[in-house]
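Report on the structure given below.
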Amino acid sequence: MSGSSSFLRSLKKLPRNGRTAALHALLLADSGLSAQEALADALSGPLGEGGKAVAVLPQQERHLCSELVYGCLRAEIRIAYLLGRVLPKPERLPLPLWHILELAVYALLFQERVPDHAAVHSAVAQAERLFGRSLARVANGALRSIQRFGAAVDTREFYVVGKEGALADEWGGLCRYYSLPRWLGDLWHDAYGGEAALCLMRRSFARPWSGVRVNARHEAAEELLAGLRHCAKEGCGEAVGRWGVAFAPGELPAHVLGQSLGLWRASGALSLQSAGSQLAVQALELDCWDAPVWDACAGFGGKSVALLEQGIDVTLCTDRSWSRLRHLPGVCRELHLPRPAVCLADACAPPLRGWNGHILLDAPCSGLGVLARRPDIRKDSRRTPADLRQLAALQDRMLLRLSALLQQGRELAYITCTLNPTENELAVARLLAARPELMLLRQWQTPHGHPWLEGMYGAVLRRR
Ligand SMILES: C[S@@+](CC[C@H](N)C(=O)[O-])C[C@H]1O[C@@H](n2cnc3c(N)ncnc32)[C@H](O)[C@@H]1O
């Protein structure tokens, strides 16, 4: 497929709506932006008063755009397979046309409220405006051929190739159906077994649940928690740990106890945090830590803030990225929490001789446990087996360096949001082999069979 950034400009020829914004965002995602960044960029309007972006699309169109972008990225491999079956040379199509087709196939497969003829018509009209009659005819032909497959495209069998004559590749078919790169399906199969791998594939293809965490220090904390848990009844959501609630897709309530969720957040009573991250803190018993804590990869500060809310003395937050770390003091202020010192530092070479407290390493990882929430990660170009090896080497360096700074009796917590033994339990095993002065206190992983919880891993080690 050939593409060009000049096409971003040509999108002005198309009507300004959620579908065009989604096309824009998919092109931005190709250039390396995450789904979230691409969406934010595609949905931001021209600059208005005070240099702030003006939202130009109505809320409904923004929701549509978001659904299309996340959905297309999640189903990218399945859709590519389908288009590959009906187009003789898909790689020759201009990239924007490919995405127009992708969006239309997504609508045919998953958007029940969009009539098929409308999805095809709108894609063909977009193709004609941008590329003229002849490519519009190609688009029309491809989409009509997919329509002719009928309901078969919703079955796993459809994605198994080599049925006639050659050996059927059942596992490859499942990977395509759940839109997962084959190497990743194989990795999970080898690491956790076929049944667990299938659960993980299914879960990674589903829409993610939304997690919220009540600020335990807020005066209305108990009341708000009860209100949220009431909203979560009847299959819409579930309690998470002591202070959290997770809501099924589309079930996050707009109001709780007569006040909008936005207002609760603005008053410092509520934060968004995934259920897995909340459970990790609790399962590893970090909320019982009784000495100063250094968060060595604090990022935007999700875990630090969760600990501060529970009265844990997080005194130092470092990260390599200032664009993430710089938000932390403001977040603490909004939540009325003590502010830890923040400092730009490489966790492989921190400017400290020792640390008389506990250390949290929420490490950069391949993110294979959060594919449902971060569907851009599953793009073939974003994660490869070589990246996983590089990340494991980086994690080893961080673990070795940080554990060397621990004092006797102090603990190091290691957390990832991935499902890859080399970055998880094997990383801990390598560390224990290299540093006999450490002992493993706890190890935890979200259950593979859980229908919606994202995949997290954690371990706590103590210096003897
Ligand atoms: C999983 S995220 C941390 C999330 C954060 N703890 C939270 O709960 O919001 C990993 C973080 O590691 C940071 N990072 C990557 N390489 C690093 C390095 N060499 N030294 C320090 N931080 C690094 C990234 O910038 C990113 O913020």
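The values are calculated or read from the model by the stated rules, or taken from the named source; none is laboratory data. As the structure is a prediction and not an experimental result, all values here were calculated from the model. Positions of Cβ are backbone-derived with ideal geometry, glycine not excepted, and every protein chain shown enters the neighbour counts. Side chains included, ligands, DNA and RNA excluded: accessible areas come from the protein's heavy atoms. Shrake-Rupley method; radii C 1.70, N 1.55, O 1.52, S 1.80 Å.
Quick notes on this structure:
- With every protein chain in place, the chain: carbon and sulfur % of accessible area (1.4 Å): 52 percent
- Radius 13 Å from Cβ of GLU67, net charge of other residues (Lys, Arg +1; Asp, Glu -1): +3
- The local environment of LEU400, defined by Cβ-Cβ distances under 14 Å, has a net charge of +2 under the rule Lys, Arg +1 and Asp, Glu -1.
- Measuring spread by the Cα atoms of segment 275-463 yields a radius of gyration and Dmax of 15.7, 44 Å.
- Sum of side-chain charges, GLN273 neighbourhood, beta-carbon under 10 Å (Lys, Arg +1; Asp, Glu -1): +2
- Gained length - ARG326 relative to ALA429, 0.36 nm times residue gap less alpha-carbon distance: 33.7 nm
- Distance-filtered residues of segment 188-218 - backbone nitrogen under 13 Å, label point 7 angstrom along TRP171 Cα→Cβ: 188-198
- Take THR315: with every protein chain present and a 1.4 Å probe, its accessible area is about 50 Å².
- Ranked by how many other beta carbons lie within 10 Å on average, peptides 415-428, 173-186 from highest: 415-428, 173-186
- D by Stokes-Einstein for the chain, Kirkwood Rh over Cα pairs, 37 °C, 0.692 mPa s: 136 µm²/s.
- From phi via Karplus (6.51, -1.76, 1.60), per-residue ³J(HN,Hα) for segment 96-111 in Hz, x at Gly/Pro: x, 5, 4, 5, 4, 5, 4, 4, 5, 5, 4, 4, 4, 7, 10, 9
- Tilt relative to the chain, helix 133-149 - C-alpha long axis, 0 to 90 degrees, to 10: 70 degrees
- Considering every alpha-carbon pair of segment 170-325, the percent of pairs per 10 Å bin, from zero through the bin containing the longest distance, is 10, 30, 28, 24, 8, 0.
- The magnitude of the dipole of the chain, with charges of +1 and -1 set on the Cβ of Lys/Arg and Asp/Glu and taken from the Cα centre, is near 1120 debye.
- The length gained on full extension between ARG16 and GLN36, counted as 0.36 nm times the residue separation minus their Cα-Cα distance, comes to 5.2 nm.
- The candidates ARG464, ARG378, ARG430, arranged from most to least accessible area with a 1.4 Å probe in the full protein assembly, appear as ARG464, ARG430, ARG378.
- Probe 1.4 Å, protein heavy atoms only - accessible area per residue of segment 210-272 in square angstrom: 48 Å²
- Residues of segment 87-122 with amide N under 17 Å of the 7 Å Cα→Cβ point at VAL161: 87-92
- For segment 415-464: accessible area per residue (Å², 1.4 Å): 39 Å²
- With Cα atoms as the point set, the radius of gyration and Dmax of segment 210-272 evaluate to 10.3, 29 Å.
- Computed from Cα atoms, the angle from the helix 59-74 axis to the main principal axis of the chain rounds to 90 degrees.
- Residue-normalised accessible area of segment 337-390, given per residue in Å² at a 1.4 Å probe: 45 Å²
- Of all DSSP bridge pairs formed entirely within the chain, close to 65 percent run antiparallel.
- With θ taken as phi - 60° and the Karplus curve 6.51 cos²θ - 1.76 cosθ + 1.60 applied, the whole-hertz 3J(HN,Hα) list for segment 384-394 is 10, x, 5, 4, 4, 5, 5, 5, 4, 5, 5 Hz, x standing for glycine and proline.
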